[in-house]
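Student: Questions regarding the structure given below will be posed in turn.
The values are calculated or read from the model by the stated rules, or taken from the named source; none is laboratory data. Everything numeric here is computed off the predicted structure, so don't read it as measured data. Cβ placement follows ideal geometry from the backbone for every residue including glycine, while neighbour counts extend to all protein chains displayed. Just the protein is used for accessible areas: all its heavy atoms, side chains included, with ligands, DNA and RNA removed. Shrake-Rupley method; radii C 1.70, N 1.55, O 1.52, S 1.80 Å.
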Amino acid sequence: MILHDEPSGLFTLHTRATAYQMKVDEHRVLLHTYYGPKIPDQDLSGLLLRTDRGFSPNPYEAGADRTYSLDVMPQEYSTCGVGDFRLPSIELELPSGSHTCDLRYCGCEMRPGKYALEGLPAFFGGGAETLILRLEDAAAQVEVLLYFSVFEELDLITRAVEVRNVGEREVRLCRCASLCLDLPRGDLDFITFNGRHLMERRLERAPLRSGVQSVGSTRGASSHQHNPFVMLCDRSAGEDAGLCYGAMLLYSGNFEAAAERSQFETTRLVMGIHPYHFCWTLAPGGTFTAPEAALVCSPDGFGQMSRQFHRAIRDHLIRDPYRGRRRPVLINNWEATYFDFTANKLCEIAEEAAALGIELFVMDDGWFGRRDDDSSGLGDWFVNREKLPGGLEALVPRINRLGMSFGIWVEPEMVSEDSQLYRDHPDWALQVPGRAPARGRGQLVLDFSRQDVRDHIYGQLRTVLSSAPITYVKWDMNRSLCDVWSAALPARRQGEVYHRFVLGVYDLLERLRRDYPELLLEGCCGGGGRFDGGMLYYTPQIWCSDNSDAIDRLSIQYGTSFCYPPEAMGAHVSAVPNQQNGRVTPIQTRGIAAMSGAFGYELDLSKCTSEEKACIRRQVRSYQEHYDLIHSGDYYRLAAPGEAGPFAAWAHVSPDRERALVSLVTGGTGAAQPFRRLRLKGLDPAGRYRVNGGETLWSGGLLMSEGYPLPVPEGDYQALQLYFQAADSQ
Ligand code: DGJ
């Protein structure tokens with residue numbers, strides 16, 4: 001619910017458990033007065049104390065009042081160069097050369113429904129309500145529109161920003177954040193999700209220090225290194241209790257999430273497109289739209305925040321037809337064959353897979369152009385007839401006859417110098433005049449900011465997709481962007497290329513969705529280098545990491561689960577010793593770790609023993625049986641992986657609390673291990689549950705307070721799945 005009290009200038013956004021308040025003050029400055037647990041309807045600006053602060057300037061119109069300063073008051077969208085020295089949300093370069101921006105409130109609009117953003121990913125849904133606040137910088141002749149939508153039941157508030165040049169001269173936008181959040185306290189922890197290729201999204205938590213702490217990406221993709229999802233929380237907050245805020249940016253390119261603890265121990269979080277090499281020219285009448293950001297505040301700890309994000313992503317970001325639709329169990333040939341395969345080899349793997357109940361065969365890298373290793377072929381999206389003599393027209397029906405659907409891998413944004421495409425169009429690759437471009441994985445990046453480049457690639461993809469019944473595409477991206485310069489833009493507008501590149505990626509993904517509505521898209525960027533809410537709008541699942549080791553995966557999937565739901569995480573069982581770290585884990589453990597995601601296999605099944613195959617058959621069946629729980633149940637983190645304890649555990653609980661699937665993986669073994677119990681969460685305290693169909697009835701309350709006794713594990717990296725079912729349910 002959105003309330004506007006005109007006389008007091010108050011805007012209050014109410015969700016089920018939280019409230020968010022802004023106030024237009026006597027100088028038309030839009031203050032941020034509250035965000036936190038639900039409050040009665042009242043003006044909270046009284047909580048803001050004013051006093052004369054040395055070296056904090058006072059706006060001219062405040063006259064002799066030295067207690068009024070933008071530098072200390074909480075701002076809804078912070079400005080720059082006019083007296084607030086904390087993190088700015090916007091920076092303009094005006095025709096005069098000035099970089100200032102001073103925004104004052106000038107109007108509002110309220111609408112039912114959710115706003116949409118053209119060309120950009122955004123949450124959607126009928127149940128939302130929207131508020132648009134108009135701010136103006138009269139001197140700069142610039143208008144800023146702040147969009148807010150409220151999804152009440154989800155405690156979700158989405159935000160977007162539009163900047164308009166309403167003057168007659170060109171204005172340049174050098175920074176345009178999607179979100180600014182001022183909180184009145186500085187004693188908060190900042191939680192970020194960091195890592196590297198093969199080890200993405202590992203949770204790091206640290207108390208805020210004075211000054212600015214930030215994470216971000218200037219790699220052109222949201223990156224393996226940092227994720228555009230961050231949290232602020234009470235020092236004492238944890239999984240099941242305490243106040244926390246989660247902030248997510250729906251964007252797949254350069255971003256920055258910066259938190260600043262100010263001199264007076266308040267906190268400002270600013271999140272949006274990274275200002276590095278960002279500069280957008282706004283012609284008179286021109287508009288720029290910043291990507292969407294979304295906030296969830298949970299007064300009840302991290303778990304509740306995550307479940308709200310999961311529901312929001314499931315129901316309001318993942319689009320039809322894959323919203324709520326069961327995803328096929330797949331087999332991918334990458335780790336089985338790498339580039340070295342023939343049509344017969346692929347069919348051999350597929351035959352084994354079909355016999356085990358696997359539903360989709362995915363042909364990974366190496367099927368196109370002249371591609372026998374990673375040094376050539378990218379950009380030539382036509383079948384390599386040496387490897388696949390009859391083309392897809394012959395291969396796909398062979399796979400289909402096994403009862404499996406068929407998918408392919410592509411990497412549309414890239415080009416190899418050794419390719420027909422590059423020989424024909426060397427100027428289509430991003431490169432700076434006079435400099436030899438850096439290679440990444442031996443390849444260059446296509447200038448996806450250009451429509452002609454995108455059209456050409458799309459034309460090739462269409463020909464492939466129309467040549468056979470292809471139901472799935474894995475869209476990969478295997479290097480970071482550098483040498484970012486576009487031959488299609490003048491010097492003054494090169495600061496637009498990074499963002500135009502991302503818009504180009506979204507444009508092509510949207511065309512694919514439009515022309516092939518049934519196609520299941522899986523995002524990928526050397527594993528999880530572009531795992532963000534922006535991609536999820538187009539690709540309902542994303543390959544979570546190139547690291548397929550079950551144990552490393554536990555912490556990657558754990559970190560990822562703070563914002564993103566399990567079914568968004570592509571997760572596969574691969575061979576042992578694992579090809580990324582050499583670890584040997586039982587097949588049972590690999591299955592249980594991967595099953596908590598968009599499940600699949602990535603190994604040569606013809607090399608598996610009959611026991612392993614029997615186990616795989618059981619896993620596929622079990623995943624299919626429990627699919628609705630895994631993909632629409634509530635996710636509870638029961639025990640964190642890694643240093644925190646001897647095992648990792650998590651649960652998927654049905655919304656009616658009648659069923660729960662609990663998974664647990666142990667670490668290294670040891671003699672004389674203590675007795676351990678696993679405390680469950682999310683059950684009905686008054687309910688009684690059977691475990692794995694057994695006779696004994698266990699009290700839900702007791703399972704949550706005292707826990708379920710765990711067998712003593714024998715051997716390293718054991719795994720266990722427990723299925724709890726309420727006694728009186730079917
Ligand atoms: C990186 C991906 O993450 C892998 O799964 C695989 O598709 C390779 N690229 C292929 O080059």
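Student: List, please: which pairs have Cβ atoms under 7 Å, are six or more places apart or on different chains, and start with a residue in the stretch 399-425 that is within 13 Å of the ligand (Cβ to nearest atom) and end with one that is part of a strand (DSSP E or B) and polar (S, T, N, Q)?
Tutor: Gly407/Thr471; Met414/Gln443; Ser416/Ser376; Ser416/Gln443
Student: Any residue in the stretch 196-211 that is under 18 Å from Met305 (Cβ atoms), part of a strand (DSSP E or B) and open to solvent by less than 10 Å² (accessible area, probe 1.4 Å)?
Tutor: The answer is yes; a qualifying residue exists.
Student: Looking only at helices (runs of 4 or more DSSP H) that lie completely in the stretch 554-653, which have at least 3 residues being in contact with a helix residue (DSSP H, G or I) (Cβ under 8 Å, 6 or more places away or on another chain) and under 30 Å from Leu249 (Cα atoms)? Can you show your working first?
Tutor: Working: elements: 587-595, 610-625, 627-632.
Ranges flagged: 587-595, 627-632.
To keep it simple, each residue is scored yes or no on (1) assigned by TED's automatic domain parsing to the domain that holds Phe148; (2) within 22 Å of His572 (Cβ to Cβ).
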position: Pro284; (1), (2): yes, no
position: Thr289; (1), (2): yes, no
position: Ala293; (1), (2): yes, no
position: Asp340; (1), (2): no, yes
position: Cys347; (1), (2): no, yes
position: Ala350; (1), (2): no, yes
position: Ala355; (1), (2): no, yes
position: Gly369; (1), (2): no, no
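Student: How many residues does the stretch 125-145 hold that are at positive phi and either open to solvent by less than 10 Å² (accessible area, probe 1.4 Å) or within 30 Å of the chain's Cα centre (by Cα) (or both)? Before you say what the answer is, go through the steps one by one.
Tutor: Step one: filter the stretch 125-145 for residues at positive phi, giving 125, 141.
In the following step, the residues that additionally are either open to solvent by less than 10 Å² (accessible area, probe 1.4 Å) or within 30 Å of the chain's Cα centre (by Cα) (or both) were identified as 125.
Matching residues across the stretch 125-145 total 1.
Student: Does Arg86 satisfy the criteria of being assigned by TED's automatic domain parsing to the domain that holds Thr287 and under 20 Å from Gln21 (Cα atoms)? Walk me through how you get there before you give the answer.
Tutor: Numbers: assigned by TED's automatic domain parsing to the domain that holds Thr287: yes; under 20 Å from Gln21 (Cα atoms): no.
It is false that Arg86 is assigned by TED's automatic domain parsing to the domain that holds Thr287 and under 20 Å from Gln21 (Cα atoms).
Student: Given the residues Trp428, Trp334, which is the only one that is within 16 Å of the ligand (Cβ to nearest atom) and surrounded by 18 or more Cβ atoms within 10 Å (Cβ to Cβ)? Spell out how you get there, then give the answer.
Tutor: Working: Trp428 fails: within 16 Å of the ligand (Cβ to nearest atom).
Selected residue: Trp334, the only one of Trp428, Trp334 that is within 16 Å of the ligand (Cβ to nearest atom) and surrounded by 18 or more Cβ atoms within 10 Å (Cβ to Cβ).
Student: From (1) under 29 Å from the mean Cα position of the chain (by Cα); (2) open to solvent by less than 20 Å² (accessible area, probe 1.4 Å), pick out the condition that doesn't hold for Tyr34.
Tutor: For Tyr34, the failing item is (2).
Student: Of all residues in the stretch 1-44 being among the hydroxyl-bearing types (Ser, Thr, Tyr) and assigned to a strand (DSSP E or B), which is farthest from Leu70 (Cα to Cα)? Show your work before the answer.
Tutor: Initial filter on the stretch 1-44 (among the hydroxyl-bearing types (Ser, Thr, Tyr)): 8, 12, 15, 18, 20, 33-35.
Now drop any that are not assigned to a strand (DSSP E or B), which leaves 12, 18, 20, 33-35.
On the way: Thr12: 21, Thr18: 26, Tyr20: 20, Thr33: 14, Tyr34: 17, Tyr35: 19 Å.
Per the stated criteria, the residue is Thr18.
Student: Still on this structure: Which of the residues that make up the stretch 175-188 are of a type in the set (D, E, K, R) and surrounded by fewer than 19 Cβ atoms within 10 Å (Cβ to Cβ)?
Tutor: Residues of the stretch 175-188 that are of a type in the set (D, E, K, R), as a first pass: 175, 182, 185, 187.
Arg185, Asp187 - these are the residues of the stretch 175-188 that are of a type in the set (D, E, K, R) and surrounded by fewer than 19 Cβ atoms within 10 Å (Cβ to Cβ).
Student: Would you tally the residues in the stretch 496-529 being open to solvent by less than 10 Å² (accessible area, probe 1.4 Å) and in a loop (DSSP other than H, G, I, E, B)?
Tutor: Looking only at that region, the number is 4.
Student: Taking the stretch 195-224, which residues are among the small types (Gly, Ala, Ser) and in contact with a Gly (Cβ under 9 Å, 6 or more places away or on another chain)?
Tutor: First, the residues of the stretch 195-224 that are among the small types (Gly, Ala, Ser): 195, 206, 210-211, 214, 216-217, 220-223.
Matches in the stretch 195-224: Gly195, Ser210, Ser217, Gly220, Ala221, Ser222, Ser223.
Student: Being more than 16 Å from the ligand (Cβ to nearest atom) and buried (at least 19 other Cβ atoms within 10 Å of the Cβ) is the filter; apply it to the stretch 472-484 and report the residue that is nearest to Pro433 (Cα to Cα).
Tutor: So the first thing to find is which residues in the stretch 472-484 are more than 16 Å from the ligand (Cβ to nearest atom), and the list is 481-484.
Pick out the ones that are also buried (at least 19 other Cβ atoms within 10 Å of the Cβ) and you get 481, 484.
Numbers: Leu481: 16, Val484: 10 Å.
Checking each candidate, the answer is Val484.
Student: Among the numbered criteria (1) more than 16 Å from the ligand (Cβ to nearest atom); (2) in contact with a Cys (Cβ under 7 Å, 6 or more places away or on another chain); (3) not charged (D, E, K, R), which one does Ile542 miss?
Tutor: For Ile542, the exception is condition (1).
Student: Does Arg159 satisfy being outside any strand (DSSP E or B), buried (at least 18 other Cβ atoms within 10 Å of the Cβ) and either basic (Lys, Arg) or in contact with a Phe, Trp or Tyr (Cβ under 8 Å, 6 or more places away or on another chain) (or both)? Give the derivation first.
Tutor: Details: outside any strand (DSSP E or B): no; buried (at least 18 other Cβ atoms within 10 Å of the Cβ): yes; either basic (Lys, Arg) or in contact with a Phe, Trp or Tyr (Cβ under 8 Å, 6 or more places away or on another chain) (or both): yes.
So Arg159 does not fit the description; no.
Every residue, every condition in (1) assigned to a helix (DSSP H, G or I); (2) open to solvent by 60 Å² or more (accessible area, probe 1.4 Å), yes or no:
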| position | (1), (2) |
| --- | --- |
| Pro412 | no, no |
| Pro433 | no, yes |
| Ala438 | no, no |
| Asp452 | yes, yes |
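Student: Another question, then. Applying the selection to the stretch 432-454, what residues are over 27 Å from the mean Cα position of the chain (by Cα) and among the acidic types (Asp, Glu)?
Tutor: If the condition is that a residue be over 27 Å from the mean Cα position of the chain (by Cα) and among the acidic types (Asp, Glu), then Asp452 is the only one that fits.
Student: Next question, about the same structure. Given Ala116, Ala122, which one is assigned to a loop (DSSP other than H, G, I, E, B), at pLDDT 95 or above, within 18 Å of Ser178 (Cβ to Cβ) and open to solvent by 50 Å² or more (accessible area, probe 1.4 Å)?
Tutor: On the way: Ala122 fails: open to solvent by 50 Å² or more (accessible area, probe 1.4 Å).
Of Ala116, Ala122, the one residue that is assigned to a loop (DSSP other than H, G, I, E, B), at pLDDT 95 or above, within 18 Å of Ser178 (Cβ to Cβ) and open to solvent by 50 Å² or more (accessible area, probe 1.4 Å) is Ala116.
Student: Shifting gears a bit: When residues of the stretch 87-112 are filtered for being buried (at least 16 other Cβ atoms within 10 Å of the Cβ), outside any strand (DSSP E or B) and within 33 Å of the chain's Cα centre (by Cα), how many remain?
Tutor: 6
Student: Test Ser555 against the criterion of being more than 16 Å from the ligand (Cβ to nearest atom), open to solvent by less than 10 Å² (accessible area, probe 1.4 Å) and polar (S, T, N, Q), and give yes or no.
Tutor: Working: more than 16 Å from the ligand (Cβ to nearest atom): yes; open to solvent by less than 10 Å² (accessible area, probe 1.4 Å): no; polar (S, T, N, Q): yes.
Considered against the rule, which asks whether it is more than 16 Å from the ligand (Cβ to nearest atom), open to solvent by less than 10 Å² (accessible area, probe 1.4 Å) and polar (S, T, N, Q), Ser555 comes out as no.
Student: Moving to a separate point now. Output the residues belonging to the stretch 46-84 that are closer than 30 Å to Ala237 by Cβ, buried (at least 16 other Cβ atoms within 10 Å of the Cβ) and without any contact (Cβ under 8 Å) to a residue 24 or more places away in the chain.
Tutor: Asp71, Asp84
Student: Could you list, in sequence order, all residues of the stretch 251-284 that are open to solvent by 20 Å² or more (accessible area, probe 1.4 Å) and under 22 Å from the mean Cα position of the chain (by Cα)?
Tutor: The answer is Glu256, His274, Pro275, Tyr276.
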